[in-house]
Every structure is written in structure tokens, then in C-alpha cells.
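Contents: one structure, followed by commentary.
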Amino acid sequence: MTTTVTDVAQVDADEPSRPCQRMRILLVDDNQDNLYSVQTALEPLGEEILSASSGKEALRLCLDHDFAVILVDVRMPDMDGFETAEFIRSRKRSKHTPLLFLTAYRSDEQLFRGYDLGAVDFLFWPLVPEILQSKVRVFVELSRTAEALRQANAYNRSLIEASLDPLVTISHTGKITDVNEATEKVTGTSRDRLIGSDFSDYFTEPEMARQVYPRVFSEGAVRDYPLAIRSTSGLVTDVLYNASVFKNEAGDVVGLCAAARDITERKRAEEKVRQLSRELEKRVQQRTAQLKERTVELETANKELEAFCYSVSHDLRAPLRAICGFTQILMDEHKQELSPEAQQCLDRVWQGGMHMGRLTDDLLAFARLGRQDVNKKLVSMNEVVRLAIEDLSLDRGGRQIEFVVESLPSCEVDAALLRQVFVNLLSNSVKFTRTREQARVEIGTLTSEERKRLSGGQPVGCPPEILDSDIPIFYVRDNGIGFDMRYVDKLFGVFQRLHRADEFEGTGIGLAIVQRVIHRHGGRVWAEAKPNEGATFYFTLEGGT
């Protein structure tokens, strides 16, 4: 059965692993009939066939092309087949190209000479096409396989050389079998000297390198093993060693491939971070020491100021009582002897003295808070509110005020101090509901719905984590004149007032006392209001200041 060119192409198409390129075959013969007959016999192979009618022409073709096989006629004028073969073999490009001699004579002398020149076989005229095709096909396939292998090696080499990291392959015995250019640079050693040498010789700690080597074969791979490479110039490069085994087609492990990732810059960066961290820690320690020192100074100054306020407030009470007392005597016993203008002056002195007395008492109470211990115990908050309302009975001036008190949770607090908180908050509500016919004051704790309203509305003086927690949030709400929220920051300051003294009496210390007590209990206090729509004061007894 004769195989046609179409059949060969179909066979090639059925072999996807076989390269599809056509291989070149060179025919050299001075006889055109011989060239034609050989070319005709080889056409079914489907390869590219070139022909030369002389040895010189064949040599020119060998300079420009690579051939899978060359068929040379032994007897040719000027340069016979043996001379042509000798020149072909002398060229580096065609040194290993298979040569087939064509001859009509069987001579041992010719055979010996041909084989000496590198002939792989002799074919005798008349040629048998099937035998010719079979022998040429063998060399064509060998050449095709060699070309595929060469291209694969070139591709693999390009991949290896493309890596900026040093790459090496190592045999079972620990000898280097291949390297890339990056390995030559980091070691300062040429490829020729590296190949065949022991891979561990190039590390600062060869024993560590040798210890990890058997692990690769037993575990299949090793990742990020720290080593250091020393070059011939003495330069040390810190690396992370990564290696894995590779196998042959039979699945047998034949060696390992290793890569060394340069981590010099990373180590420098890590050292810089550590250095910065040490410097930052040192600065933090210095700053902490300064803050502690400053805190001690502030605490000392605060205690001195509290002591001064306490002393001054205490010492002012006696002369103020005397001033108010004697003024009252003058007004009561000598009123008839005084002119209206003098009576008015005495009344103003008495009012001023009384205001000064209240201010002194409030200052004394505020200063005493810093000196007073907080004695917490479980207390009924409803009882604390009840006592605070009783304390305010005289300040109401006969007014009917509706106090609405919800059921409040019991808390661990200082009862006396919390009583002060409610007295001041309720007194504040009583004062600013004076203009209302139906004054109403509510005391309670926020429900979950009210917490959600605060959490989703305008920013308040309480962090979201407290609003979302189970910490009780107390409130005192009134229907008084309220205030403008633009001035809310002034609300809890000492001597801060949002209304004129001739409109509403007060010393501007009550809410400052409230804030100080709440803070000493570890809580927060804030307020919200609208002008002429009342005000609400909130506080917690835990959750930070």
C-alpha cells in the first residue's frame, strides 16, 4: 500500500503532540534523473525537499539551512560525495546532520571511507522507494524530536533566565546541574564553575543548607527556609530558600529545583520598623512619664485650689451672715428712720449678701466634692428621688408642680451625692418652669425605643456603644423654657449661665456639681432642648466620662 502526501498530513493531524513544521531534506547528485527519482520517492513524506547538483552548491545550502538528513551521491565531478561529506562535517551547523550515501557500487573501501566520514548508511542503486522512505523517515522523525527538544530547552532556559531570583537544579548527590544568570551574579561564580560543584558551598552556613537538602526529597518541597549566600567578593545576601523535587517521564525523582528569594531589602525595612518602634516606644515612655508628672502636678494644684476654695468659702460665710443679719436688723428696727432711698440701698445690700451667701455655699459644696470619698452601696433610686423632691418643697413657693416618677432600677451609688444630683436637676426644672401654668417634671430611664431614637438622630453626648448597651440611662425632663442647643457646651461649666440673673436666680454652679458627681461615679451627663419646648437632662452611672 502506497502512502500519499494527504495520508501523511492526516497522520500528522492525528498526533497533536508532534510539531507540525516540515523538516528539510537535502539531495545532492549531479544526475538530474537521479534527483528526480529520489525526490519522487520521498514526496509522500510531506517534508520540504531541496536539491543540489554539485558539492559546492550543497555546501552553500548547508550554510543557509538546517537539514534533517542529507542524501549524497558518491560519484560526482569536481567534488565527489566523500569530499562533499567532509566539508559538510567541518561546518559547525551541519556537523551532526545524518548522511546517507547513494552509490551503484558495493566496495568495502567505499564503505569504510564513508563510515569514517560519518555516514549513517549506504543506499544502492537501483533504489527501493519503500526502503528509502523508511530510512529517511527515521532520521526525519529523530530530527523533528531533536528540534522539539531544542525548542523546549530554549523555552525552559528563557523562563529560568527571566527570573530575577537565583535558580539552580541539583542532583541526588547535591551537585549543581544547572543555574541561571542571577545565580552567577549573587555568587560571583561563572556557570561553568558552578555546575558540578556542591550547592552548599555557597552559603554562609553550609551545614544548615545540607540539613534542609534531604527534607526536600522526603517532603517533596521546602518553603521559606532562611539562609544567606556569600559571594566570592564577600558580599552576603540574605535569602529565603524554596525548593521542590522534579521527576522524569517515568515519575522517578531525579533532582530538585531551588530558588533563593533575596530578602535583604525586606530585612532592612523590618529593622527600620523595629528601630522606629523602639524610638516610638521610648518617646511614648518619655511622654507617659511627662504626663504622669504633669498629672501629679495638676492633682496637687487641684487639691490646693480645692483647699483654697474650701477655706475661702468657709471663711466668707461668717462675715456674709453678719452683713445679711445686720442689714436685716436695720431694715426691721429702723425702717421708719430711713429714707426710701436708704431703704432701697439696704434692700440691695441684703439681696447681694444673700446671693453671695448662696454662691459661697455652692462653692463650698463644689470644693467639698473633690475632698469627699465616694461610698457606693446598693440604693433605691426611687427613694433618692423622693428625698430630693422633699428637699425642694420650700423652693417651690407654693407652686403646684406635677412630678412623674417611673419605677427606677436600684444602683450601686453614693446616696448622698446622687441626692445632690437630683436636687440640682429638679431645682433646675422647677426654676425654668416658673412661667408655665401647668409645670410638669418627669424622672425615669430610657426605653429601648427611645435609645434607638437617640442613636439614629442628632449626635448626643453619649457614645453609641452605651446607647446600644444595657446600661441604664436616667433622665429628668421638664416642660419649661428650654434653651438653644448652640450653647449646650456652656451648660455644665462653673459660673456659666444661659439666662440673665434678673430673669432667673442662680449661681451657675448647680449643673457643674451634677457633672462632677456623675463623673466621679464613672458616668456621663448631657442634655437636649429646644427654646420654649422644655429640656431633658440625661445621665449614666457607668460607661466612662
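Only the coordinates and a few stated rules stand behind these numbers; no lab work does. Note that the structure is predicted; figures quoted are calculated from it, not measured. In this analysis, Cβ positions are derived from the backbone assuming ideal geometry, glycine residues included, and neighbour counts consider all displayed protein chains.
Computed from the C-alpha gyration tensor, the three semi-axes of the ellipsoid equivalent to segment 89-170 are 39, 16, 8 Å, from longest to shortest.
Roughly how many whole Å is it from the C-alpha centroid of segment 82-113 to that of segment 189-238? Rounded to whole Å, the Cα centres lie 49 Å apart.
Quotient of the Cα radius of gyration of segment 144-246 and 2.2 N^0.38 Å, N being its number of residues: 1.12. Taking amide H as placed 1.01 Å from N in the peptide plane, the amide H of Met76 sits under 5 Å from that of Gly81, each at least 5 places away or on another chain. Classified by the C-alpha gyration tensor, segment 405-447 has an oblate form. Its axis ratio a/c, with a ≥ b ≥ c, is 1.5 or above, and a/b does not exceed b/c.
Partners of Lys247 within straight-line reach, counting lysines whose Cα lies under 22 Å from its Cα and excluding those fewer than 8 residues away in the same chain: Lys175. For segment 77-119, trypsin sites (Lys or Arg not before Pro) meeting the loop criterion (DSSP other than H, G, I, E, B) and having at most 14 other Cβ atoms within 10 Å: Arg91, Lys92, Arg93, Lys95, Arg106. As a proxy for reagent exposure, ranking Glu449, Glu43 by other Cβ atoms within 10 Å from fewest up yields Glu449, Glu43. Note on Arg106 and Ile195: the model spin-label points, each 7 Å out from Cα along the C-beta direction, lie 4.5 nm apart. If R0 is taken as 35 Å, the Cβ-Cβ distance between Arg386 and Ile329 corresponds to a FRET efficiency of 0.35.
Semi-axes of the equivalent ellipsoid for segment 5-159, computed as √(5λ) from the eigenvalues of its C-alpha gyration tensor and ordered from largest down, come to 27, 19, 13 Å.
Here's how it looks for Asp178: its modeled amide H is under 5 Å from those of Thr169, which are all 5 or more places away or on a different chain.
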